[in-house]
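Worksheet: the structure to be examined is printed underneath.
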Amino acid sequence: MRIWIDADACPGAVRDIVVAAANRRAVQTIFVANKSLRLPESPYLSLVQVEPAPDAADLYIREHAERFDVVVTPDIPLAHILIPGGIVVIDPRGDTYTQDNIGDRLAARNLMQELRDSGQIMAGPKQFGDREKRAFAAAFDREVTRLLKLQSSG
């Protein structure tokens, strides 16, 4: 199992939670970004810097993530591609995307994008705060624990 972080849009609080978990549980964690990031020294942490092209980090993750990996990304189209491959996808706000909910999430995302593109709505996502941080920490811990148990049992 590896943890993949779509680091271009990852809040600092989420990065801190993931770094602590990677070190505590000895899980290889790869941050993928189109810019340099400072990560603490750790044998479990690495950075892959991709070209500064749209969706370059998403493409890298899509090509390298495997069954039983965890991907942290707010990118719903990326989640839609990864989930059928047995990859666990968690939004930085604590939502775990599944086969049961990804279709609805993608449809809602596309509708909101159309409304923003047409100027009918101007607001972006809500601010990231303590509530979102706690929701992410709970979802992330739950999924990593579940996958580590699966890995050790078989």
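Values quoted throughout were computed directly from the atomic coordinates according to the rules given, and no laboratory measurement underlies them. None of these values were measured; they are calculated from a predicted model. Heads up, the Cβs are rebuilt from the backbone with ideal geometry, glycines too, and the neighbour counts pull from every protein chain shown.
What order do you get for 102-114, 132-144 when each peptide is scored by the mean count of other beta carbon atoms within 10 Å, highest first?
132-144, 102-114
Describe numerically, in nm with one decimal, the distance between label points set 7 Å from Cα along Cα→Cβ at ALA53 and at LYS126.
3.6
Can you tell me the orientation of helix 102-117 relative to the chain, as the angle in degrees between its alpha-carbon axis and the longest Cα principal axis, to the nearest 10?
The angle comes out near 50 degrees.
Given the C-alpha atoms of segment 15-56, compute the convex hull and give its volume per residue in Å³.
Hull volume normalised by residue count: 69 Å³.
In Å and from the alpha-carbon atoms only, list the Rg and Dmax of the chain.
Rg, Dmax (Cα atoms, Å): 15.5, 52.
Set the Förster distance to 30 Å, then compute FRET efficiency between ARG146 and LEU106 from the Cβ-Cβ distance, nearest 0.05.
With a Förster radius of 30 Å, E is 0.80.
Using only Cα atoms, tell me the angle between helix 12-25 and the longest principal axis of the chain; keep it within 0 to 90° and round to the nearest 10.
Approximately 30 degrees, to the nearest ten.
Cα to Cα, under 18 Å, and not fewer than 8 places away if on the same chain: which aspartates and glutamates meet these conditions relative to LYS133?
ASP6, ASP8, ASP16, ASP75, ASP91, ASP95, ASP141, GLU143
Let's see if you can work this out: charge +1 on each Lys and Arg Cβ, -1 on each Asp and Glu Cβ, no other charges. What is the dipole magnitude of the chain about its Cα centre, in debye to the nearest 20?
I would put it at about 580 debye.
Return the sequence-ordered ³J(HN,Hα) values of segment 37-51 in whole Hz as given by the Karplus equation 6.51 cos²θ - 1.76 cosθ + 1.60 applied to θ = phi - 60°, using x for Gly and Pro.
Per-residue couplings from phi come out as 10, 8, 10, x, 5, 6, x, 9, 10, 8, 10, 10, 9, 9, 4 Hz.
Starting from the amide H of LEU47, placed 1.01 Å from N in the peptide plane, find each other amide H under 5 Å away whose residue is 5 or more places distant or on another chain.
PHE31
Using only Cα atoms, figure out Rg for segment 13-90 and give it as a multiple of 2.2 N^0.38 Å.
1.08
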